[in-house]
Amino acid sequence: MASALEFAEQLGKAISESAQALALREARKAMNAQPEILAALKDYQSHAHKLGELEHAGKPIEVADKHKLQELQQKLLAFDAFKKFTAKQVDYVDLMRQVNDVIRKHLTGTERD
């Protein structure tokens with residue numbers, strides 16, 4: 001009988017070769033080929049991080065900062081390659097959720113015994 005690690009190796013390979021993973025890699029490649037998208041994504045992430053730090057510190061977030069974050073998000077969403085990437089990312093995350101559900105189903109009760 002194969003060990004759990006051998007099955008994990010097979011599962012990892014199957015996930016890597018899945019339609020969802022392949023589509024995500026292709027969408028990422030297309031997005032990465034457009035420097036303007038990467039610059040817009042960097043700006044968005046930087047501003048979101050700044051707002052997250054303010055929130056974590058309990059400091060107020062200015063309305064202008066909220067508007068700027070929305071503007072940066074809209075700029076990203078204007079790129080078809082970014083929209084395709086995020087859609088493929090959702091598909092991949094859904095596959096991973098389904099895989100986790102199947103694994104969790106088989107482990108139910110194991111941790112409580």
Look at Ser3 and say whether it is among the hydroxyl-bearing types (Ser, Thr, Tyr), more than 17 Å from Lys88 (Cα to Cα) and either over 18 Å from the mean Cα position of the chain (by Cα) or surrounded by fewer than 16 Cβ atoms within 10 Å (Cβ to Cβ) (or both).
yes
Give all pairs with beta carbons closer than 7 Å in which a residue from the stretch 75-86 that is part of a helix (DSSP H, G or I) meets a residue that is exposed (fewer than 14 other Cβ atoms within 10 Å of the Cβ); count only pairs at least 6 apart in sequence or on separate chains.
Lys83/Leu77
Do we find that Phe85 is buried (at least 16 other Cβ atoms within 10 Å of the Cβ), in contact with a Lys or Arg (Cβ under 9 Å, 6 or more places away or on another chain) and modelled with pLDDT of 95 or more in this structure?
yes
Hey, could you check the stretch 80-104 for residues that are of a type in the set (Lys, Arg) and touching a helix residue (DSSP H, G or I) at 6+ places or on another chain (Cβ under 7 Å) and say which is farthest from Leu11 (Cα to Cα)?
Lys83
Of the conditions (1) surrounded by fewer than 16 Cβ atoms within 10 Å (Cβ to Cβ); (2) free of Cβ contacts under 8 Å to residues at least 60 places away in the same chain, the single one that His47 does not satisfy is (1)
Regarding the stretch 30-41, can at least one residue be identified that is at pLDDT 95 or above, within 30 Å of Ala4 (Cβ to Cβ) and among the β-branched types (Val, Ile, Thr)?
no
Picked from the stretch 87-113 (must be part of a helix (DSSP H, G or I) and charged (D, E, K, R)), the residue farthest from Ser46 (Cα to Cα) is Lys105
Taking the stretch 50-64 only, how many residues are more than 24 Å from the chain's Cα centre (by Cα) and either in a helix (DSSP H, G or I) or surrounded by 11 or more Cβ atoms within 10 Å (Cβ to Cβ) (or both)?
4
Mind checking which residues of the stretch 6-44 are under 17 Å from Lys88 (Cβ atoms), loosely packed, with under 13 Cβ neighbours inside 10 Å and not polar (S, T, N, Q)?
Glu17, Ala19, Lys29, Ala33
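The values are calculated or read from the model by the stated rules, or taken from the named source; none is laboratory data. Just so it is clear, the model here is predicted, and its values are computed rather than measured. Methodologically, a virtual Cβ is constructed for each residue, glycine included, from the backbone with ideal geometry; neighbour enumeration extends over all protein chains shown.
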